[in-house]
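*Asks:* Right, I'll just put the structure down here and ask away after.
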Amino acid sequence: MSFDDILLNIISRIDGERYKHAAFHLMKGKRSGQTLQDTEYYRLHPFFGMLPSLHANDFDLAYRRLLAAGLIAEKEDGTVFLSASGKTRAASQGPVRLNGWSYRGMERLFFARLALAVQTVSHLSAGDKSFMPVTADPVVQRDVKRLFSTVLKGKKPGDLAWEMRSSLEAAGMEDDRLSRFAARLTGKGMSGMTWYQLSEVTGISEMDLKVEWVETLHIWLDSLAKRPTPILAALAKGVRAESPLTGSAKKTAEMYRAGLGMDDIAKQRNLKMSTIEDHFVEIAINDPAFPIRDFAAPEDVKAVRDQAARLATRKLSVLKKAFPGLAYFQLRLILARMGKEEGADGYDDHGKPGKPAEKGHRI
């Protein structure tokens, strides 16, 4: 899937309710309350944090291409929506194979470890113990050294290659994609291609190559989680998010469970109340047992839900006009719970009509 198609897919889910920057922050994995809410509201989990280093210029170029092609348009207030032709193109897209919410950019750590391990095995097999490592990151170098002193100790030089080949075959990806992926790896007498070089050889844009590379890693890591092999499982250790909460929100959740109120948490953590509110919205999104009744009356919760369903919107400004007596924080919490308690509206992770969200573990 191209970068333009991914952007079109995202816009199809936030259709007419968000500005273009919502998609930009989503792909970069911004940990703001708004971006996390959008991820849950519009089922944008596959795309969250998929390109942490995405430049605004690259994003704007793609956005302008979609505008120029007549696939998207902007309302007077700047919110973006799909045109008729945009809806047709979005509907023709295949399933989304990204899994950004689970990896949040950490797939890059897996690749860095893998690349150094491949390079090391290649040089050692040739009897070369002195070479310039492909990464200067001391953490990655430490991880790979530990791998060679533990999991790889006593292994044959070809064991890593065998695990890679067999696991990639099990993941079911096409040969051309895998060839482009392998071209980024460095071995004895062969340097990995830069994005520019790979683009020149393949005729594929650098942005589309980067998207394919991330998608390949996500597909591979998902497959490895189901069918782990010793060496690759060690390389993949710690790359999958163990908790859906960000670190700071997790700390707030722990303090809340211990009986502290929002004011006390803000004071003890020396954080603004707006930040604590963001944390609570994040907790409400991820904790199926979140006590919404402690923050809004049952009749208000029902009224907001009914209005959101009637207007087919989750836009806060619209709901605030309908419920001026409720704080934005209360509205955000109510919307956060909608996807968990009533089933998600809109799309699932494959761009198909949404199904009720499964119950998770209490935060």
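The values are calculated or read from the model by the stated rules, or taken from the named source; none is laboratory data. Remember, it's a predicted structure, so these values are computed and weren't measured experimentally. Every residue, glycine as well, gets a Cβ built from its backbone with ideal geometry; the counts of neighbours run over all protein chains shown. For accessibility, only protein heavy atoms count, side chains too; no ligands or nucleic acids. Shrake-Rupley method; radii C 1.70, N 1.55, O 1.52, S 1.80 Å.
*Asks:* May I ask you to derive the FRET efficiency for A258 and A126 from their Cβ-Cβ distance with R0 = 56 Å, giving the value to the nearest 0.05?
*Replies:* Values: r = 57 Å, r/R0 = 1.02.
Efficiency, rounded to the nearest 0.05: 0.45.
*Asks:* Round to the nearest 10 and report in Å² the accessible area of Y63, as given by a 1.4 Å probe over the protein chains' heavy atoms.
*Replies:* Counting only protein heavy atoms, Y63 exposes about 10 Å² to solvent.
*Asks:* Based on the alpha carbons, how large is the Rg to Rh ratio for the stretch 107-208 when Rh follows Kirkwood?
*Replies:* Dividing the radius of gyration by the Kirkwood radius yields 0.97.
*Asks:* Still on this structure, I have one more. Counting only the backbone N, which residues of the stretch 91-107 are under 19 Å from the spot 7 Å out from the Cα of W195 toward its beta-carbon?
*Replies:* Within reach of a label on W195: 98-100, 104-107.
*Asks:* Rg and Dmax of the stretch 56-180 over Cα atoms: what are they, in angstrom?
*Replies:* Here Rg and the maximum Cα pair distance are 21.8, 66 Å.
*Asks:* Any idea which of A117, A303, H218 is furthest toward the positive side of the dipole for the chain, if Lys and Arg beta-carbons carry +1 and Asp and Glu beta-carbons -1?
*Replies:* A117
*Asks:* A follow-up question, please. Using a probe radius of 1.4 Å on heavy atoms only, what accessible surface per residue do you get for the stretch 146-189? Whole Å² is fine.
*Replies:* 60
*Asks:* When the distances between all Cα atoms of the stretch 68-122 are binned every 5 Å from zero, what whole-number percent does each bin get?
*Replies:* That works out to 4, 15, 12, 12, 11, 12, 11, 9, 7, 5, 2, 0, in percent per bin.
*Asks:* Let me ask something additional. Over the alpha carbons of the stretch 240-313, what is the largest minus smallest coordinate on each principal axis, giving the biggest first in Å?
*Replies:* Largest first, the stretch 240-313 extends 40, 33, 21 Å along its Cα principal axes.
*Asks:* For K267, give me every one of the aspartates and glutamates with a C-alpha distance below 18 angstrom, ignoring sequence neighbours fewer than eight places off in its own chain.
*Replies:* K267 reaches E254, E277, D278.
*Asks:* Report the net charge of residues surrounding F24, where surrounding means a beta-carbon distance below 11 angstrom and charges are Lys +1, Arg +1, Asp -1, Glu -1.
*Replies:* Overall, the nearby charge balance is +2.
*Asks:* Put a dot 7 Å past each Cα toward the Cβ at E169 and T202; how far apart are the dots in nm?
*Replies:* Those two pseudo-labels are separated by 2.3 nm.
*Asks:* Using a Förster distance of 25 angstrom, determine the FRET efficiency expected from the C-beta separation of L271 and Y328, and round it to 0.05.
*Replies:* Step by step, r from the Cβ atoms, then E = 0.90.
*Asks:* In addition: Cross-link partners among lysines for K145, C-alpha distance below 19 Å, same-chain residues fewer than 8 apart left out?
*Replies:* Output for K145: K129, K153, K155, K156, K188, K237.
*Asks:* Another question, then. In terms of Cα to Cα distance under 16 Å, which aspartates and glutamates are near enough to K272, apart from those fewer than 8 places away along the same chain?
*Replies:* Here the aspartates and glutamates satisfying the reach criterion relative to K272 are D263, D264, E282.
*Asks:* Out of the total accessible area of the chain (probe 1.4 Å, heavy atoms of protein only), what percent is carbon and sulfur?
*Replies:* 53
*Asks:* Using the Cα centre as the reference, give the magnitude of the dipole from point charges on the C-beta atoms of the chain (Lys, Arg: +1; Asp, Glu: -1; all else neutral), rounded to the nearest 20 debye.
*Replies:* Its charge dipole is roughly 840 debye.
*Asks:* Now for a separate question. What distance in nm separates the simple spin-label points at H55 and D137, each placed 7 Å from Cα in the Cβ direction?
*Replies:* 2.1
*Asks:* Using a cut-off of 14 Å between beta-carbons, work out the net charge of the residues near P138 (Lys and Arg +1, Asp and Glu -1, P138 not included). Intermediate results must be reported in sequence, preceding the final value.
*Replies:* Details: positive: R113, R142, K145, R146; negative: D137, D143.
Combined, the nearby Lys, Arg, Asp and Glu give +2.
*Asks:* Evaluated at 25 °C with a viscosity of 0.890 mPa s, what Stokes-Einstein diffusion coefficient in µm²/s does the stretch 167-249 have when Rh comes from the Kirkwood expression over alpha-carbon pairs?
*Replies:* For the chosen part, D equals 168 µm²/s.
*Asks:* Here's a follow-up. Per 20 Å bin, what is the whole-percent P(r) computed from every C-alpha pair distance within the chain?
*Replies:* The percentages, shortest bin first, are 26, 51, 22, 1.
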